[in-house]
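Notes follow the structure.
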Amino acid sequence: MIKILRISLFLLFVSPTILAQQSSIYTHDLKEYDRAIALYKDKQYQSAQILFENIKNQISNQEVQSDCAYYIANCAIRLNQMGADDLIEKFVEDYPTSTKQNQAYIEVAHYYFDQGSYAKSLEWFDKVDESSMSYEDQEKYNFQKGYSYFTAKNTTEASKYFNKVINSKTFGSQAKYYLGYMSYETDDYDNANQYFDQVQDKDKYKEKMGYFQADMNFKLGKFQKAIDLGLEQLPKSNAIEKSELSKIIGESYFNLKQYDKALPYLLDYRGKRGKWNNTDYYQLGYAYYQQKDYENAIAQFNKIINGNDFVAQNAYYHLAESYLNTDKKQQALNAFKTASEMEFNLKIQEDAYLNYAKLSYEIGNPYQSVPEVLNAYLDKYPNNPNKQEINNLLISSYITSKNYKEALILLEKNKTPENKLAYQKVLFYRGLEQYTDSNYQDAFSLFKKSISENKDPKFTARATFWKAETEYNLDQYNEAMLSFKQFINEKEAASTPEFINVNYNLAYSYFKLKEYESAITHFTNFISEVKNDNVRKNDAYLRLGDCNFISAKYWPAMEAYNKAIEMKSVNADYAAFQKGISYGFVGKNDKKIDDLEKFVKTYPNSQYADDALYELGNTYVNIENESKAIGTYDKLIANYKTSSYVSKSILKQGLIYYNNNKSEPALVKFKKVAAEFPNSPESLQAVSTARLIYIDNGRVDEYSDWVKTLSFVEVSDADLDNTTYESAEKQFLQNNSKQAISGFSSYVAKFPNGLHALNANFYLAQLYFADGLESNSIKHYEFVVNQSRNEFTEQALARLCQVYLKASDYNKAIPVLKRLESEADFPQNKTYAQSNLMKSYYEKENYNQAVVYAEKVLANDKIDNRIKSDAQIIIARSAIKNNDETKAKQAYSDLLKIAKGELAAEALYYDAYFKNKEGNFEGSNIIVQKIAKDYSGYKYYGAKGLVIMAKNFYGLKDSFQATYILDSVIKNFTDYPDVVEEAKKELAKIKTEESKTNSSITN
């Protein structure tokens, strides 16, 4: 009381004027303060803040200043101003005794909470002193702080604060809902249900809880309850919730094995963020599978890419069965293989492996040899009840797989008595493959082994026949003849497909051995037996004619040639020519002349046309019709300038003039021969005869001057020249190669342009070539081919080509091949030149020229299919290199009609390639399967074909097949990096595309 009184008394002594002034100012500021509060409450924070700042700066009352600082900071928070947080902190620091300090923290925390900035609100909630709060404020504080922790996924702290308000009238239901949701999220479904049940009567949460309760019941295995709740909730749900509820209902029906009811709901599911996962695809696929709707089952199962769990194994197994039920065996093979490689269900794994093994046997396997697959199955499941069946398939598979190379490797490691028969057959078929690829030495060894096994008399006989064929191709004609005879004596020979041709082949062996009587017998036997093989029959008539001709049996020869002419074959010109000259040997020169005159008119472009003219000219000489002879020789010289008969014809004309005492025209001809064909036998004869004319006419000096201009005549050294050459030639004729090489080398060193330089160089080149010293032979062959056309020119050109081609020296080979092409008399040499020109140009990447020569080769009707195949492949490959796919497609199509072995595999690959580009995916796959089954030994094209197959399956919307095949290529064909690289690119492209709709796929 005293203290108060003293204060009051003190106030009584204050000047009334001063008191009146202060009161007026204070009252004015309080009005402004009230206005600022009103603006603040009206959320006009900017205006309020400015007014509070003015008041704070003008008033000295610390309590009012404190309140102004509080509201200034609060406005800054609400206006999201820079440094607002600092203003609150400064307020607390400057006015530590302010009653609004705790309220400031709460207000800011509530503000951030209302703005949805829960992390920010938590920062301020943590500054609040809970003990100084009212009960009502504390409830709101606990709920908002709990919710802020909930949004921060700190469920422990969130639960603590929610539990503080669980019985609150205002916040209790919300707290229970969120506590229930957190229990749901952690799979604590019992607690979740308890909390949800307590708020079930609150409409605000009922719709949201319907989904959770359906999902919880599903996860608790209460599928019917999940269905009931889900169906009840569906009409009240938005699009996202409907998708999720459809999944719960569909999967619940699925687990109750009510697949027909599951289907529509599984189909209504839209996935997570628009993506399904492998389990989703499996359930829908299995529902279709149970309805026997295999096509739709496949469409879902095959979207499961790179799955590696229990679900995936089941899916791949049922995918395989779906494929089988729609007769897609290649696809089933791949799916069974995938299921067999997973160990989540061992029964499924074993059954899938069994199906994989059986299908491999049935349709072939592009990844492994079939025997390898069957062997692996037996190793893994030795006690399987199907063991005997698989064993039988294994033995048979060595033959049916047609991958004889790998089958042979397996059989060599497993020579059991049961496999002996298969071993003999595989040896035989592998021998045929090597024979087809012209690997005669390897083929010979395989046929010998097959014969030695001798388990099946029929295959022993067949191997004997092909051993004989191989010996023939190795120029072992005597051995071939004996083997063919052995074949005939085999008891099963008559039942083999080879028997029909044995007389033909045996006859050729005798022909090569120059045993013409025996050859005649067997050609005659063959002609009497053959019915439909006109190609061999025509050839047999020709060789029969040749045998009789060589044996001086000209009338039988002409009879045989006539038969060949009647058949109008590609070799009719040869038969007509041979028939014509045969008349000369039976004294019928008139008939000979008629036939040869007719020949040159009928076959002006025949390779025998120059032969015919030369023979005709000679016949006119023989009947002393010299003018006709000279005219005929003139035709030959004018029309066939590169013929080897040109030098001979000019010499013949000179001799006709000489014999008729026409010295000057004779000398003109002899000098022409010497000038244009130096070093040839004709030139030597021409010089020798000219010498006689000069001597007869007493013009020896003129002869001497002329001879000095001829480099190939060294008159003074003639005796030494002849002696040196004859010594070397004697060694050569006695097959003393080393001594002959030494002798001829000495000769060409001493007489580089000697009388016998041509012969010496040619024989020396031949000796070096036969000795494997090809590089030594080159300069000597070059000497021969650089002389005028002579009897050795063609053979030297051919040999020189062989040397350059063996060394892959195409720059040197090409000009020599072109000469051989233009100068060859023997058709096989011309064909050899053209076929190697196409190959050489191809190797030099001159694809246009390669095609030109390939087309020349194909224009020759007399070539065999092997050379035709080479030509077609050059055209096709060149077209691919030139990006001319239209031409390539036609060339590969033509090749496919005649190709064998690897070329056939390549042609089939491109057939599949072009079908894929045309969108004929199923047709393309059929071709790839054919490569896998019939050409499994050619793995490169098998691997490339599989990449095409993967593209086909992706085109057919079968993602599983596409990715499985590409994965298999990458794993199994590392020997072919270009194919693996292509497979990797294609796989990455598919996975990128599929990951847009399948969340289980990772690139």
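The values are calculated or read from the model by the stated rules, or taken from the named source; none is laboratory data. Because the structure is predicted, anything quoted here is derived from the model rather than measured. Virtual Cβ from ideal backbone geometry, glycine too; neighbours counted across all protein chains shown.
Just one of Phe143, Phe150 is more than 29 Å from Gln46 (Cα to Cα), in a helix (DSSP H, G or I) and under 60 Å from the mean Cα position of the chain (by Cα); which is it?
Numbers: Phe143 fails: under 60 Å from the mean Cα position of the chain (by Cα).
After ruling out the rest, the residue left standing is Phe150.
Quick one: in the range 633-674, which of the residues that are touching a Ser or Thr at 6+ places or on another chain (Cβ under 8 Å) and assigned to a loop (DSSP other than H, G, I, E, B) is farthest from Pro604 (Cα to Cα)? Across the range 633-674, the extreme among qualifying residues is Ser644.
Given the structure, is Asn392 outside any helix (DSSP H, G or I) and not basic (Lys, Arg)? Talk me through it step by step, then tell me what you get.
Details: outside any helix (DSSP H, G or I): no; not basic (Lys, Arg): yes.
No.
Counting only residues that are under 24 Å from Glu130 (Cα atoms), give me the helices (runs of 4 or more DSSP H) lying completely in the range 26-115 with at least 1 of them. It would help to see each step written out before you state the result.
Values: elements: 45-58, 62-78, 84-94, 101-114.
By residue number, 62-78, 84-94, 101-114.
Could you please find all residues in the range 556-585 being of a type in the set (Val, Ile, Thr) and at pLDDT 90 or above?
Taking the range 556-585 as the starting set, the residues that turn out to be of a type in the set (Val, Ile, Thr) are 565, 570, 581.
Those that are of a type in the set (Val, Ile, Thr) and at pLDDT 90 or above: Ile565, Ile581.
A Cβ distance below 9 Å, combined with a sequence gap of six or more or placement on separate chains, defines the contacts here; from the range 722-734, residues that are β-branched (Val, Ile, Thr) reach residues that are surrounded by fewer than 16 Cβ atoms within 10 Å (Cβ to Cβ) and assigned to a helix (DSSP H, G or I) in the pairs Thr724/Ser746; Thr724/Lys750. When you scan the range 730-767, how many residues do you find that are in a loop (DSSP other than H, G, I, E, B) and closer than 23 Å to Ser683 by Cα? Going through the range 730-767 one residue at a time, the tally reaches 6.
Which of the following residues is of a type outside the set (Val, Ile, Thr) and either surrounded by fewer than 22 Cβ atoms within 10 Å (Cβ to Cβ) or farther than 22 Å from Lys862 by Cα (or both): Gly584, Gly580? Working first, answer last.
Values: Gly580 fails: either surrounded by fewer than 22 Cβ atoms within 10 Å (Cβ to Cβ) or farther than 22 Å from Lys862 by Cα (or both).
After applying the criteria, what remains is Gly584.
Being farther than 24 Å from Lys261 by Cβ, surrounded by 24 or more Cβ atoms within 10 Å (Cβ to Cβ) and at pLDDT below 90 holds for only one residue in Asn308, Asn302, and it is Asn302.
Taking the criterion of being farther than 17 Å from Gly654 by Cβ and of a type in the set (Val, Ile, Thr), the residues of the range 618-641 that qualify are Thr619, Ile623.
Within the range 126-176, track down each residue that is touching a Lys or Arg at 6+ places or on another chain (Cβ under 7 Å) and at pLDDT 85 or above. Talk me through it step by step, then tell me what you get.
As a first pass, look at the range 126-176 and keep what is touching a Lys or Arg at 6+ places or on another chain (Cβ under 7 Å): 142, 161, 166, 173.
Asn142, Ile166 - these are the residues of the range 126-176 that are touching a Lys or Arg at 6+ places or on another chain (Cβ under 7 Å) and at pLDDT 85 or above.
Within the range 903-923, the set of residues being touching a residue at least 12 places away in the same chain (Cβ under 8 Å), among the small types (Gly, Ala, Ser) and either surrounded by fewer than 23 Cβ atoms within 10 Å (Cβ to Cβ) or within 19 Å of Asp958 (Cβ to Cβ) (or both) comprises Ala904, Ala912, Gly919. In the set (1) touching a helix residue (DSSP H, G or I) at 6+ places or on another chain (Cβ under 6 Å); (2) part of a helix (DSSP H, G or I); (3) β-branched (Val, Ile, Thr), Thr156 fails one condition alone, (1). Looking across the range 743-772, the residues that are under 15 Å from Ala796 (Cα atoms) and of a type outside the set (Gly, Ala, Ser) come down to Leu758, Asn759, Asn761, Phe762, Tyr763, Leu764, Gln766, Leu767, Tyr768, Phe769.
Checking Gln283, Gln213 one by one, the residue that is at pLDDT below 80, surrounded by 16 or more Cβ atoms within 10 Å (Cβ to Cβ) and not in a loop (DSSP other than H, G, I, E, B) is Gln213 and no other. A count restricted to the range 755-801 and to residues that are in contact (Cβ under 8 Å) with a residue 40 or more places away in the chain and surrounded by fewer than 24 Cβ atoms within 10 Å (Cβ to Cβ) stands at 8.
Within the range 795-815, identify whether any single residue is within 31 Å of the chain's Cα centre (by Cα) and basic (Lys, Arg), and answer yes or no.
To start, the set of residues in the range 795-815 that are within 31 Å of the chain's Cα centre (by Cα) comprises 805-810.
In the following step, the residues that additionally are basic (Lys, Arg) were identified as 806.
Yes - at least one qualifying residue is present in the range 795-815.
Filter the range 232-257 down to the residues that are assigned to a helix (DSSP H, G or I), within 45 Å of the chain's Cα centre (by Cα) and of a type in the set (Lys, Arg) and list them by number. Residue satisfying the conditions is Lys247 alone.
Based on this model, can you work out whether Ile926 counts as closer than 24 Å to Val370 by Cβ and either buried (at least 24 other Cβ atoms within 10 Å of the Cβ) or touching a residue at least 40 places away in the same chain (Cβ under 8 Å) (or both)? Steps first, answer last, please.
Working: closer than 24 Å to Val370 by Cβ: yes; either buried (at least 24 other Cβ atoms within 10 Å of the Cβ) or touching a residue at least 40 places away in the same chain (Cβ under 8 Å) (or both): no.
For Ile926, the condition - closer than 24 Å to Val370 by Cβ and either buried (at least 24 other Cβ atoms within 10 Å of the Cβ) or touching a residue at least 40 places away in the same chain (Cβ under 8 Å) (or both) - is not met.
So which pairs qualify, if the first residue must be in the range 227-243 and more than 10 Å from Ala214 (Cβ to Cβ), the second must be surrounded by 18 or more Cβ atoms within 10 Å (Cβ to Cβ) and among the small types (Gly, Ala, Ser), the Cβ gap must be under 7 Å, and the two must be at least 6 apart or on different chains? Partner pairs satisfying both residue conditions: Lys236/Gly210.
Answer yes or no as to whether Ile630 is under 23 Å from Phe826 (Cβ atoms), of a type outside the set (S, T, N, Q), in a helix (DSSP H, G or I) and assigned by TED's automatic domain parsing to the domain that holds Leu616.
Values: under 23 Å from Phe826 (Cβ atoms): no; of a type outside the set (S, T, N, Q): yes; in a helix (DSSP H, G or I): yes; assigned by TED's automatic domain parsing to the domain that holds Leu616: yes.
In short, no.
Quick check, is Ile395 surrounded by 13 or more Cβ atoms within 10 Å (Cβ to Cβ) and either among the charged types (D, E, K, R) or touching a Lys or Arg at 6+ places or on another chain (Cβ under 7 Å) (or both)? For Ile395, the condition - surrounded by 13 or more Cβ atoms within 10 Å (Cβ to Cβ) and either among the charged types (D, E, K, R) or touching a Lys or Arg at 6+ places or on another chain (Cβ under 7 Å) (or both) - is not met. Is it true that some residue in the range 625-639 is surrounded by fewer than 23 Cβ atoms within 10 Å (Cβ to Cβ), touching a residue at least 40 places away in the same chain (Cβ under 8 Å) and not polar (S, T, N, Q)? Looking for residues that are surrounded by fewer than 23 Cβ atoms within 10 Å (Cβ to Cβ), touching a residue at least 40 places away in the same chain (Cβ under 8 Å) and not polar (S, T, N, Q), one finds none in the range 625-639, hence no.
Among the residues of the range 452-477 satisfying the criterion of being under 20 Å from Asn525 (Cβ atoms) and not acidic (Asp, Glu), which is farthest from the chain's Cα centre (by Cα)?
Quick first cut of the range 452-477, residues under 20 Å from Asn525 (Cβ atoms) only: 461, 464-465, 468-469, 472, 477.
Checking which are not acidic (Asp, Glu) leaves us with 461, 464-465, 468, 472, 477.
Working: Ala461: 39, Thr464: 38, Phe465: 37, Ala468: 38, Tyr472: 37, Tyr477: 42 Å.
Only one residue fits best here, namely Tyr477.
Selection of helices (runs of 4 or more DSSP H) fully inside the range 911-1003 by the criterion of at least 1 residues being touching a Ser or Thr at 6+ places or on another chain (Cβ under 7 Å) returns 939-955, 959-972, 977-994.
Out of Asn392, Asn403, Asn345, I need the residue that is at pLDDT below 90, out of contact with any Ser or Thr (no Cβ under 8 Å at 6 or more places or on another chain) and either of a type outside the set (Gly, Ala, Ser) or under 29 Å from Val979 (Cβ atoms) (or both). Which one?
Working: Asn403 fails: out of contact with any Ser or Thr (no Cβ under 8 Å at 6 or more places or on another chain); Asn345 fails: at pLDDT below 90.
Going through Asn392, Asn403, Asn345 in turn, the sole match is Asn392.
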